[in-house]
Structure formats: C-alpha cells, structure tokens
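First up is the structure itself, then whatever we jot down about it.
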Amino acid sequence: MQPPKTIFKWIPYIAIVMVYLCGANLDVMEVDAAQYASISLEMFKSGDYLHVFDRYEDYLDKPPLLFWLSALSFKLLGVGTWQYKLPSILFSLLGIFSTYQLGKRLYNETVGRYASWILGGSFAMIMINNDVKTDTILVSAIVFSIWMLVSYLQTDQWKFLIGSAFGVALAMLTKGPIGLMMPALAVGGHILLKRQWKWLFKWQWSVMLALVSVLLIPMCIGLYEQYDMEGLRFYFWTQSFGRITGESEWRNDASPLFFTHIFLWSFLPWTLLGIAGIVKELWNLPKSISNKSSELILISGIALVWMALSLSKFKLPHYIFVVYPLIAILAAKFVHDLKAINVWSWVQLTLASLATLFLAFLLIYCFPNGGWWMPVTLVVSVIEAFVVFYRTSDSQRIMVPSFVLSIAIGLGLNLHFYPQLLDYQANAIAGKWVAEHQIPEDKFIDFASGGRALDFYASHIVPWVYDADSLQSVISDGTVIYANEERYHELLNRGLQPKDVIAFQDFEVQRLTIRFLNPSTRAEAIRKKYLLVY
C-alpha cells in the first residue's frame, strides 16, 4: 500500500521549515555569525546602511547584503537571535524552491521534488541555518540565478534574463564575484562543451550585466567612500581571485582534497546518492556531449567551481556548499533513473540509519543532561523509516525513509545537541546576563576577553580595555568587568577583589574536539570566564 501522494506534496516542506525554526532561536555562534550579527546591530543603531563598520572601525571583508537584511529585520521585528537569522532562513526556502524548479525544468517534477528534499534535509543546510553566515544567502541566490538562466536558455523570455540578473546581483552583494562566476561556469561550461557558440555572443548578455552593475551601485558607492579605489579592487578581485593568486593575506594552505572529506559528512544522509549522481554524470559525459538533448550545466557547475575553490589558498568547510543544490539534483536524477533499486535502497537506508543512531548515541553519551526523549525519538524514527521502507515502492523506497531520518537528525541537532553545546559559549550567556540586569553601558567593560556575541547579546558595543592599569582607573561602584581566568587573577593580584563573581564555562563551540565531547575529559578542554561585579 502506497501512502497518498498529497501527503508528500506539502509535509516534507513543512518538516524542513519546522527543523529550521527549531534552530532559529539558538544563540549565534562565535566567530563569524556572532560578528555578522554584531555588525548588523551596529548598522541598525547607526542608521548608516551605505557603510559597514565593525566596532566603529571600517569593515571590508564581506559585502553588505546580510547586514542590510538583518538590520532591516531588527528595525521591523526588534533585536534578537531569530530576527538576525530570519532573512537567511527565508533565503534558504527560496533556495530549496529554486532547486525544485531547476530540477523540474531540466528533467521532471519528480527529480525537482526529490532534489529539494535532499538539499533541505542535508546536514549542510541545517548547519548554515543555525550558524548563519553569508553562505546561507549565497547558496540560495546562486541556485536561483542558475534556475533563471536555464529558463532563459530554454524559453528566450526576458523575464528569466532579468530574474537571473537579480539572482547574480544578490549573490554578488552577499559574497562577491563568485556570485557571477558560478552561474557563468555552470552555463558557460555547458555552452562550450556543447559548442553552442551562438549563445556566447547574444547581445542580451550585455543587458543582463548592465542590470547587475546597476544593482551593485549602492554597495560600490559605499566602498568608494570608505576606501577609495582600493575598496572596489578588494571586492572585485582580491577577496576572491586573490585567494588563488596569493594576493590575499588570508591563507590556511589546506589540502586540495579538503572539500572532498567535507562533502562526505556535510551532505549526510545523502552522501552516497550525491557521489553516485556525480560519478554517473561523469561516466556518461562523452555521451552527453554528443547528445543534443542532454544538459551539462550541473556537472560543469559542480566540477569547475569545485576545482576553483580547491585551488584557493584559504578554505573553510562552508565554501563548497554553493554546489550542493546542483549535487542534490544529480542525486535525485540518479534515484529517478534507477531500474532496479533494491540494493541502492538498502544501502541508502542503512547509511541514513547509522547516521541517525550515531547521533542518538552522541546525544546520550556527550550531553545526557538534555534528557532521553530526543535519543529515543531518533531510535523510533529509524524503526519508522524501516516501516515506511516496506510500505513504499519504486524510487520512494529510497527517498522517503531517508528523508524521515534527515528530519529526525535535524530535530536532534536543533533540540538537543546545539542547545547543550551552546551552554558552553560564555560570551553569549554573559551578554544576556548584562542585558537582563540592565547594566549601564558605561558600567560594563570587557577586559580583553570577549567576542562579538558579547556585544550582540549585551545590545551594544562593549568597550575593551587591554591593560590592568587602564582598567583600574575606571573601576567604580557598580562596574562590571568581563574577564577570562588569566585577566581575573591579574586583577586579584592587584588587590581588586570584586563584590560578586559569576563564572561561566567556556569553549570554542565551532572547534569541537574529542576531549570536549568526552564527558570524562571535558573539564580539561573548557575554560572559565567571569563577570566581576565591583
């Protein structure tokens, strides 16, 4: 017996939204997300949307779209965690919808639907909707622009060309030239491999680029006013291409295979299908080149962007997420095209079940204080997935059970793992304490120990003091000092004994280690930070 199709039309998307919303009020994480939230708050308070500042200093590293949207959200809805994340979550839903539409236009409705499930339920998308950086918007803006470009190539309608220009501009306003380069590489690779030369010389491309340029004008004005021509050069060249040429100061010289192992865990529980879809597409590449009806947009976008990012001298895990919508479509196409699905369905179900059970074990072992209900729910979801497996057929036998487990994993992360983990982010907790107790801004000082989460949750830029001599001269009745262990003991050695001491456990939550995850060694991994009330 096959479940009614109407159930699967809306419930998967409601489930995805539910997972994202469950993480919407989780504290912003140090370092990047907390910094961007603080910058957005500073922009909102100053009312200056043309120039970007970080703690009153010029900020050049990222384009302004995330800050614009989050500051606007603060203005309309108030200042808070979910208000900061909301624009990015809405963009994620646009990205999922665009993935559906792109898969549907390239292949069929089933491929588009499956691809949207895969993308929306992947660990990568769950993660970047919690730890909101610029990439959350970037992924969605790029897949939207590619959908619009493909629609234009197929229909020659101006509305799609204009839509693609808006998508590219949004992506470039989010993270620079990659917003143009990825759609260009995806579509350009297809055109070159297919030798469809007439598409390269369409005069309409100049109109699209002109529209993109117009949409970038406000940002460019701000860059020029703050940094003169150096700001524009940084944005259009150094920030992106400079990481390949070595001109950028940012470098970690990670291995060229860095993104390969990132993909293996971040695309879970769909990793196997993603690999199968890519391998099949590469295997059929010669045939696809000669076949006039086939497309090479997806594999061009994945391969060329993956190689370009791998050449960069500075790599972070979330950089590769921009190709995940395209991988999701190839994975969905692979499932749809399967003739005999028994082996693949069993292997995929086994992989997804193991990932779910591993998370259940992790929750019980690492954070038992979170209770048993979520680990039990994860185990029950595995049982439910097997029930669904036996009650469905065809491609749904692969997709539906794994999707059930992807939602369970998302809920496990957002309702148990992250809430317990973020109890160790002292900057956020201390900032909330300061706001709750309405400590005056001139009475709260950071003794060179905090981060941007402290500013964001205290709702103002907390003044820093770097040496004890300067700090001693400003301490008066009612002053509250934020200090780490070293700074705290430095004050004690000077005889500056506070009236009250509030201690917080602290760990860099983005840099998980075995020593931290193991409860028996966690005390060795964590440090303490303090609010010292004088």
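The values are calculated or read from the model by the stated rules, or taken from the named source; none is laboratory data. As the structure is a computational prediction, the values presented were derived from the model and not from experiment. Neighbour counts are summed over all protein chains in view; Cβ atoms, including those assigned to glycine, are modelled from backbone coordinates with ideal geometry. These accessible areas exclude ligands, DNA and RNA; they are computed on the full protein's heavy atoms, side chains included. Shrake-Rupley method; radii C 1.70, N 1.55, O 1.52, S 1.80 Å.
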Quick count over the stretch 12-38, residues being in contact with a helix residue (DSSP H, G or I) (Cβ under 6 Å, 6 or more places away or on another chain), assigned to a loop (DSSP other than H, G, I, E, B) and among the β-branched types (Val, Ile, Thr), is 1
All but one of (1) out of contact with any Phe, Trp or Tyr (no Cβ under 9 Å at 6 or more places or on another chain); (2) of a type outside the set (A, V, I, L, M, F, W, C); (3) surrounded by fewer than 23 Cβ atoms within 10 Å (Cβ to Cβ) hold for Ser266; state the number of the condition that does not hold. (1)
Condition set assigned to a helix (DSSP H, G or I) and charged (D, E, K, R), scope the stretch 285-340, selection surrounded by the fewest Cβ atoms within 10 Å (Cβ to Cβ): answer is Lys287
Residue that is β-branched (Val, Ile, Thr) and either farther than 30 Å from Ala428 by Cβ or open to solvent by 20 Å² or more (accessible area, probe 1.4 Å) (or both), where the choices are Val168, Val139, Val132: Val168
Checked pairs for the stretch 171-182, first within 14 Å of Tyr319 (Cβ to Cβ), second assigned to a loop (DSSP other than H, G, I, E, B) and at pLDDT 90 or above, C-beta under 7 Å and 6 or more apart or across chains, list as Thr174/Pro63; Lys175/Pro63; Gly176/Pro63
Condition first: assigned to a helix (DSSP H, G or I), of a type in the set (Ser, Thr, Tyr) and either within 17 Å of the chain's Cα centre (by Cα) or modelled with pLDDT under 95 (or both). Can you find one or more residues in the stretch 100-107 that meet it? no
Boolean, Val79 is assigned to a loop (DSSP other than H, G, I, E, B) and either within 21 Å of Val150 (Cα to Cα) or open to solvent by 40 Å² or more (accessible area, probe 1.4 Å) (or both): yes
Identify all residues within the stretch 149-163 that are in contact with a helix residue (DSSP H, G or I) (Cβ under 9 Å, 6 or more places away or on another chain), over 21 Å from Ile89 (Cα atoms) and part of a helix (DSSP H, G or I); write none if there are none. Leu149, Val150, Ser151, Tyr152, Leu153, Gln154, Trp158, Lys159, Phe160, Leu161, Ile162
What residue, of Phe504, Phe456, is at pLDDT 90 or above, crowded, with 19+ Cβ neighbours inside 10 Å, in a helix (DSSP H, G or I) and of a type outside the set (S, T, N, Q)? Phe456
Which residue out of Val380, Val343 is open to solvent by 20 Å² or more (accessible area, probe 1.4 Å), farther than 30 Å from Pro419 by Cβ and either among the β-branched types (Val, Ile, Thr) or more than 28 Å from the chain's Cα centre (by Cα) (or both)? Val343
Go through the stretch 507-534 and give me each residue that's over 17 Å from Asn369 (Cα atoms), hydroxyl-bearing (Ser, Thr, Tyr) and open to solvent by 30 Å² or more (accessible area, probe 1.4 Å). Thr513
Within the stretch 418-439, does at least one residue satisfy the condition of being over 28 Å from Ala525 (Cβ atoms), open to solvent by 40 Å² or more (accessible area, probe 1.4 Å), at pLDDT below 90 and not β-branched (Val, Ile, Thr)? no
In the stretch 125-138, which residues are part of a helix (DSSP H, G or I) and over 27 Å from Ile221 (Cβ atoms)? Met125, Ile126, Met127, Ile128, Asn129, Asn130
Close pairs from the stretch 82-94: first more than 26 Å from Arg113 (Cβ to Cβ) and in a helix (DSSP H, G or I), partner open to solvent by 20 Å² or more (accessible area, probe 1.4 Å) and aliphatic (A, V, I, L, M), Cβ under 8 Å, at least 6 apart: Gln83/Leu77
